[in-house]
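Have a look at the structure below, then the notes.
The values are calculated or read from the model by the stated rules, or taken from the named source; none is laboratory data. What you see is a predicted model; the values in this text were computed from it and never measured. Cβ placement follows ideal geometry from the backbone for every residue including glycine, while neighbour counts extend to all protein chains displayed. Note: areas computed on protein heavy atoms with side chains; ligands, DNA, RNA excluded. Shrake-Rupley method; radii C 1.70, N 1.55, O 1.52, S 1.80 Å.
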Amino acid sequence: MVDVNAKKLPADRLRAVCYPEEFSKVKEREEGAEGDSIIGQERALHALEFGLKIKSQGFNVFAAGMPGTGKETAVKEYVDKVAWEAPVPSDLCYVNNFKDPYRPKGLTMPPGNGVELARDVKNLIDAVKREIPRAFESDEYMAQKEKLTRSYNEQKQELFNNLNQEATEKGFVIQSSPAGFLFVPQRDGTPMQEKDLMELSEEEKKEIFEKKSDLEEKLKTTMRQVKNIDRQASEEIKKLDREVTFFAVEHLFFELKEKYRELPNVTSYLKEMEEDIVENVHLFRQDDQQKQQMPALFGSIPVPWAQEPQFKKYEVNVVVDHSRQDGAPVVMEMNPTYNNTFGRIEKETQMGGLVTDFTMIRGGSLHQANGGFFVVSIEELLKNLFAWESLKRVLKTGKLDIEEAGERLGFISTKSLRPEPVPLNLKVVLIGPPLFYHLLYIYDPDFRELFKVKAEFDVVMERKPENIRSYSSFIDSFCQKESLMPLNPSAMAKVVEYGSRLAEDKQKLSTCFAEIADIVREACYYAGSGSCEQVEAEHIKRAIEAKTYRSNLIQEKLQEMMERDVLLIDTTGDMMGQVNGLSLLSVGDFTFGRPTRITCSLGLGREGIIDIERESRLGGRLHTKGVMILSGFLSSHYAREAPLTLGARLVFEQSYSEIEGDSASSAELYALLSSLAELPLRQDLAVTGSVNQMGEIQAIGGVNEKVEGFFELCRQRGLNGSQGVIIPASNEQNLMLKEEVLEAVREGKFNIYAVNHVDEGVELLTGVRAGQKQEDGSYEEGSVNDRVEKALLSFAEKMRNYGARRDEGEGRDGRKKEDEEEE
């Protein structure tokens with residue numbers, strides 16, 4: 001007889017229990033006390049520290065981790081910590097380029113100086129608008145201008161007097177007309193009429209014409225001299241205006257230049273502004289009527305560009321202001337569109353058209369993060385057109401420019417602004433799943449050069465005392481942050497057990513803190529509903545059960561179909577070539593185990609083992625591999641003296657979707673061995689585990705859900721003490737079963753068996769010894785292996801006899817056919 005109890009696991013080995021005594025009594029939390037919110041991620045934190053502090057180019061960081069591991073929170077908090085110790089970066093302003101208005105200049109200056117410069121320049125222009133009109137209204141200026149004007153007017157008058165005198169001497173008088181000056185002949189001081197000219201002789205007419213021509217030439221010469229005098233007068237007046245303007249504003253600019261003398265780019269800009277004001281002093285001399293002419297066109301409607309537009313070019317556009325910044329900036333961009341990330345040039349409507357200027361330049365999140373840290377999700381970044389390629393470009397060039405998105409396509413040639421690029425000095429931290437890191441590393445050559453530091457967040461951590469204390473500290477800090485009730489030691493113990501359940505390992509704790517936090521929130525809700533002051537173990541348990549109940553509708557429907565024999569699953573009796581396998585189903589946020597009937601039909605043939613799931617294209621590649629391993633097992637154990645000559649067909653009964661994975665390969669092997677040995681298998685046991693060609697049972701995933709799936713079915717039908725599940729021995733460390741399963745095992749109503757080899761499992765299922773190979777190469781008489789080997793040898797002998805009879809029959813048919821042909 002086979003001792004089935006030898007492989008049975010006791011209840012204390014089915015769950016790693018955490019006892020409340022491991023925690024100190026819940027203390028009253030001091031106001032402001034906080035726990036460490038980044039636990040179990042030493043590897044990721046080490047990589048973050050290195051990537052954020054190294055100054056070499058290309059050492060940007062990719063924080064890789066599964067959703068819910070808290071990588072975003074961890075990155076934000078750690079980056080904030082590093083940024084706090086870093087210096088505050090420069091402000092950024094864009095100002096008018098007086099030499100090329102289409103290429104505004106970028107000014108960088110110490111933090112806080114940007115806003116101050118904008119305020120100083122505004123006050124400066126206001127002062128200039130007061131001082132210049134006052135200077136031009138002064139008596140001294142008016143006297144100098146009058147003196148210049150009078151001097152040049154006298155010169156012009158002298159020229160005209162000389163011309164008039166000469167014309168008089170030659171008998172002409174000068175008359176003015178819309179067409180210019182006319183020379184009219186006169187006689188006795190009286191201008192001659194046309195009829196008087198007609199009465200003159202030809203010689204007199206000729207003489208008058210010659211004199212007139214000579215005077216007209218002299219008139220041209222005089223007019224050129226007058227224009228030269230006017231030009232000289234204008235230049236002298238402009239010179240005077242410049243001198244007066246320079247005198248009026250010099251002291252104003254001198255004060256600002258002295259204030260910003262440590263910033264050469266600012267003093268250079270102020271010098272260019274001063275020169276522009278001197279050259280365009282007329283803008284400051286318009287009277288009030290002219291200044292209000294444009295706004296009057298629009299009545300009371302506020303039109304920004306109509307409010308003194310001639311002075312906009314003297315404004316300072318503060319794009320980045322760090323006047324209130326402590327440490328380096330940290331920018332987490334949640335919507336990394338091209339404009340949000342790299343800035344934009346806004347436009348506004350004027351008279352039906354779109355116009356812009358340097359005051360409409362708006363910085364992006366990279367401008368705000370320059371000198372600090374830029375954190376962004378790689379998934380969101382790749383969704384937005386131009387964002388990823390543009391980020392790589394600015395990181396490679398070290399220059400951050402603002403460019404119209406349409407120009408990146410190369411199809412738009414509208415004349416617009418091209419702001420001066422500014423130096424880029426920041427650390428970029430990309431956050432995303434590990435899959436994105438691997439894909440970018442393989443397919444994007446630039447990625448490996450720009451993101452050389454990988455900070456990978458693990459989904460589990462060791463379940464050791466210090467980590468358990470960190471778990472407790474994290475939960476306490478979390479409750480304090482969200483104003484939740486504190487957890488007493490029993491509740492904290494249940495949270496630790498739930499962490500191991502999520503990790504699917506007795507020796508690990510899950511770092512998927514999003515799920516832990518949700519359970520704590522829900523437990524606090526139930527505690528509050530019961531008017532409790534603390535969260536207790538029963539509230540944690542209720543929260544876990546409620547979360548399962550909200551998602552397990554499909555599981556309950558399948559259990560109901562099994563109970564009503566719509567899905568055929570036996571939990572009592574024995575059947576040959578039939579075994580209960582366990583599969584794992586996932587429906588969104590919920591995963592559960594489902595018992596499945598696996599059968600094997602056997603016949604004579606050369607096909608070997610046929611996987612019906614594969615033939616019907618319902619089997620995945622891993623499942624197909626698992627079935628093919630069965631042929632290797634049979635060959636290595638039983639086909640030493642004769643080839644395999646059988647046709648065995650394996651199938652998952654009532655399965656209508658794809659089967660993937662090799663976790664049922666041991667169950668399929670048990671069904672095959674049962675058919676060959678003609679030994680029935682126990683139907684009160686379910687089996688899971690993969691098998692290799694040596695017959696060793698290998699670990700599988702989802703062992704807790706699979707065990708609980710068969711347990712639920714047996715509990716519905718009634719536990720009789722013989723039912724149970726056979727699992728790989730290597731999966732014992734993954735067991736974190738529900739408490740009701742532990743209670744049933746403790747009471748002897750349900751059993752968990754752990755096996756290392758197929759022989760151990762087949763003994764449990766058949767009650768017959770598996771049998772060891774003896775010195776002569778045969779197996780123990782009557783054992784399972786002996787029966788299987790004899791069955792395969794019998795198949796080979798029958799196949800050989802069948803082949804001989806077929807060959808003999810074909811020979812007789814051939815001779816008979818030859819005799820008929822001779823006749």
Item to check | Rg ratio (alpha-carbon, reference 2.2 N^0.38 Å) - segment 430-551 | outcome: 1.32
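What FRET efficiency comes out for the pair THR572/SER657, r = Cβ-Cβ distance, R0 = 22 Å, nearest 0.05?
Values: r = 28 Å, r/R0 = 1.26.
Computed FRET efficiency for THR572 and SER657 comes out at 0.20.
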Checklist outcome for this item: With -39,500 (n - 2.57) per DSSP H segment of 4 or more residues and division by the full residue count of the chain, the 222 nm estimate, nearest 500 deg cm²/dmol, is -15500 deg cm²/dmol
Checklist entry - Using alpha-carbon pairs under 8 Å, 6+ residues apart, how would you state the relative contact order of the chain in percent? => result 16 percent
Checklist entry - Roughly how many debye, to the nearest 20, is the charge dipole of segment 86-155 about its Cα centre, given +1 on each Lys and Arg Cβ, -1 on each Asp and Glu Cβ, and no other charges? => result 220 debye
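Taking the Cβ of ARG542 as the center, what net charge do the other residues with Cβ under 15 Å away carry, scoring Lys and Arg +1 and Asp and Glu -1? It would help to have the intermediate numbers written out before the result.
On the way: positive: LYS494, ARG521, LYS541, LYS547, ARG550, LYS738; negative: GLU497, ASP518, GLU522, GLU536, GLU538, GLU545, GLU739, GLU740.
Charge balance in the 15 Å sphere: -2.
How big is the shadow of the Cα convex hull of segment 317-475, averaged over all directions, in nm²?
Numbers: hull surface 54.6 nm².
Averaged projected hull area, Cα only: 13.7 nm².
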Item to check | Label-point separation in nm, GLU22 to ARG393, each point 7 Å along Cα→Cβ | outcome: 5.5 nm
Checklist entry - Under the Kirkwood approximation applied to all pairs of distinct alpha-carbon atoms, what is the hydrodynamic radius of segment 556-713 in Å? => result 15.9 Å
Checklist entry - To the nearest µm²/s, what D does Stokes-Einstein give for segment 400-439 at 20 °C and 1.002 mPa s, using the Kirkwood radius over alpha carbon pairs as Rh? => result 158 µm²/s
Checklist outcome for this item: Per the Kirkwood formula over distinct C-alpha pairs, the hydrodynamic radius of segment 318-360 in angstrom is 13.3 Å
Item to check | Candidate lysines - alpha carbon under 17 Å from LYS399, same-chain residues fewer than 8 apart omitted | outcome: LYS55, LYS105, LYS427
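Given R₀ = 45 Å, FRET efficiency for LEU200-ILE237 by Cβ-Cβ distance, to 0.05? Show your work: numbers first, answer last.
Working: r = 48 Å, r/R0 = 1.07.
Here the calculated transfer efficiency is 0.40.
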Item to check | GluC sites (Glu not before Pro) within segment 55-142: DSSP coil, no more than 15 neighbouring Cβ in 10 Å | outcome: GLU85, GLU137
Checklist entry - How much of the accessible area of the chain, in percent, comes from carbon and sulfur atoms when a 1.4 Å probe is used? => result 49 percent
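How much accessible area per residue does the chain have, counting only protein heavy atoms and a probe of 1.4 Å, in square angstrom? Walk me through the numbers before you get to the answer.
Details: 43390 Å² over 823 residues.
Per residue, the chain has an accessible area of 53 Å².
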Checklist entry - log10 I(q)/I(0), Debye, Cα-only the chain, no solvent, q = 0.06, 0.07, 0.08, 0.09 Å⁻¹? => result -0.68, -0.81, -0.93, -1.04
Checklist entry - Sorted by accessible area with a 1.4 angstrom probe, largest first, how do THR397, THR245 fall? => result THR397, THR245
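Given Cβ point charges of +1 (Lys, Arg) and -1 (Asp, Glu) and nothing else, what value in debye, to the nearest 20, does the dipole of segment 469-579 about its Cα centre take? Mind showing how you got there, number by number?
Details: 13 positive and 18 negative charges, 88 e Å.
Dipole about the Cα centre, nearest 20: 420 debye.
Expressed as a rounded percentage, what relative contact order does segment 72-126 have, with Cα pairs under 8 Å and six or more residues apart? The partial results should precede the final answer.
Working: 37 pairs, mean separation 15.2, N = 55.
Averaging sequence separation for qualifying contacts and normalising by length gives 28 percent for segment 72-126.
So between LYS227 and GLU797, what do we pick up on full extension, going 0.36 nm a residue minus the alpha carbon distance? Spell out each step's value before the answer.
Working: separation 570, 0.36 × 570 = 205.20 nm, distance 12.94 nm.
That pair, LYS227 and GLU797, stretches by 192.3 nm at full extension.
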Checklist entry - How much space per residue, in cubic angstrom, does the convex hull of the C-alpha atoms of segment 629-761 take up? => result 123 Å³
Checklist entry - Over the Cα atoms of segment 605-656, how large are the radius of gyration and the largest Cα-Cα distance (Dmax), in Å? => result 12.1, 40
Next on the checklist: If you fit an axis through the alpha-carbon atoms of helix 387-397 and take the longest principal axis of the Cα set of the chain, what angle between them do you get, 0 to 90°, nearest 10?
Outcome noted: 70 degrees
Next on the checklist: As I understand it, the value is the acute angle between the Cα axis of helix 71-84 and the longest principal axis of the Cα atoms of the chain; what does it come to in degrees, rounded to 10?
Outcome noted: 40 degrees
Checklist outcome for this item: Volume per residue (Å³) of the convex hull spanned by the alpha carbons of segment 221-285 is 83 Å³
Checklist outcome for this item: When the charge dipole of the chain is computed with +1 on Lys and Arg Cβ and -1 on Asp and Glu Cβ about the Cα centre, the Cα farthest towards its positive end, among ILE544, GLY603, PRO191, belongs to PRO191
Item to check | Highest average packing first - 9-18, 645-654, 147-156, 683-692, Cβ atoms within 10 Å | outcome: 683-692, 645-654, 9-18, 147-156
Checklist outcome for this item: Packing-ranked peptide list from 326-334, 534-542, 458-466, highest mean Cβ count within 10 angstrom first, is 534-542, 326-334, 458-466
Checklist outcome for this item: Charge tally for neighbours of PHE590 with beta carbon under 10 Å away, counting Lys, Arg as +1 and Asp, Glu as -1, is 0
Checklist entry - Quick one: Karplus J couplings for segment 546-551, per residue in order, coefficients 6.51, -1.76, 1.60, θ = phi - 60°, nearest Hz, x for Gly and Pro? => result 5, 4, 5, 4, 5, 10
Checklist entry - Using the alpha-carbon centroid of each, what span in Å lies between segment 225-255 and segment 533-582? => result 96 Å
